[in-house]
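Bear in mind that the values in this text are calculations on the coordinates, not laboratory data. In this text the structure is predicted, and so the values were computed from the model without any measurement. Positions of Cβ are generated from backbone atoms using ideal geometry, with glycine treated the same way; all protein chains shown enter the neighbour counts.
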Amino acid sequence: MSIVGIYRYRPNKWRDKNVNMEMGKAEEIAENLRTKIINGTLPVGSKLASERDLANELHVSRMTVRKAIEIIESQGLVARYTGKGTFILGTRERILVDKGREISSITESELRRSGSFLKDMERLGRKPQVQFLEQPSLIAADSEIASHLQIKEGALVLKRYRLQLADALPYRLIESFYPSDLFGELLTTDIGDKPLFAWLQERHGLRVTRAKEILVARLPTQHEYQLLRIATNAPVVAVDRTVWANSTRPVEWAHIIAVAALYAFTYEYDIPAWNEETQQNDGTLSDQSTNTSHP
């Protein structure tokens, strides 16, 4: 290997040490800023000092300050606006907990409440708001929608695209699709805050019985972070949800983008007799080993 090659591949211990120290200092500064935001020392709506001023005050490099701000920005505590500066958003509590069971099934009572976002928020003492980003309309199902709803491609479906907010803070985007023969009349019928699936049972005698949700954590697209008012590096949870009525007919397919800082998903499941069987097997194997060693 040439001398150039040797230098190219030799680890730079001093550089790595400096990078680690810089990241450690950035995390320390970020935690300090986070504490001040939580206890109100840095009030919501106030403007954070510039990177240069913070660097001078804390005797660190601007790069370290920038990394610290990126950390609290990813946590949804601040927002940076080009030409204006960085502003305090405050803390956003996780406002909903979605409960599921093994393979993401949802209990009947939870499904029956689905669609009652307004009531759920009011029950939690929060001010709910729903903004329709597009006027609800009937559209032709593409191959993806048709596959999820088990209908023919090109069949009409009701599309609803909306932004849900709690206490004026965006919570999640929901783009949902429903078979038009069941839900098409909602274009001209106002059901108020009645849960959608409760209306479905009253109107069509169909009872929702199960759902499947697939969750993926990722960074938001430009369109998503603008609508959700989060940082470009703040994660979101993308959820694809299918709901069935009477166990066989899909009645909703929805694509949901939730602010990760506000979203919690918990699940529980029963542990089968596997543990006992394993212990018995382990004991049997142990006995066999003992018998083999000592005939």
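Among S180, S46, a tally of other beta-carbon atoms within 10 Å of each Cβ gives an order, fewest to most, of S46, S180.
Going from the fewest other Cβ atoms within 10 Å to the most, the residues H204, H223, H59 appear in the order H59, H223, H204.
In this structure, the residue pairs whose Cα-Cα separation is over 23 Å, taken from K36/K127; K127/K194; K127/K212; K127/K159, are K36/K127; K127/K212; K127/K159.
Fewest first, what order do L133, L169 take by the number of other Cβ atoms within 10 Å?
L133, L169
Search the structure for amide H atoms under 5 Å from the amide H of Y171, placed 1.01 Å from N in the peptide plane, and list their residues when 5 or more places away or on another chain. Close amide H contacts, sequence-distant or interchain: Q164, L165, A166.
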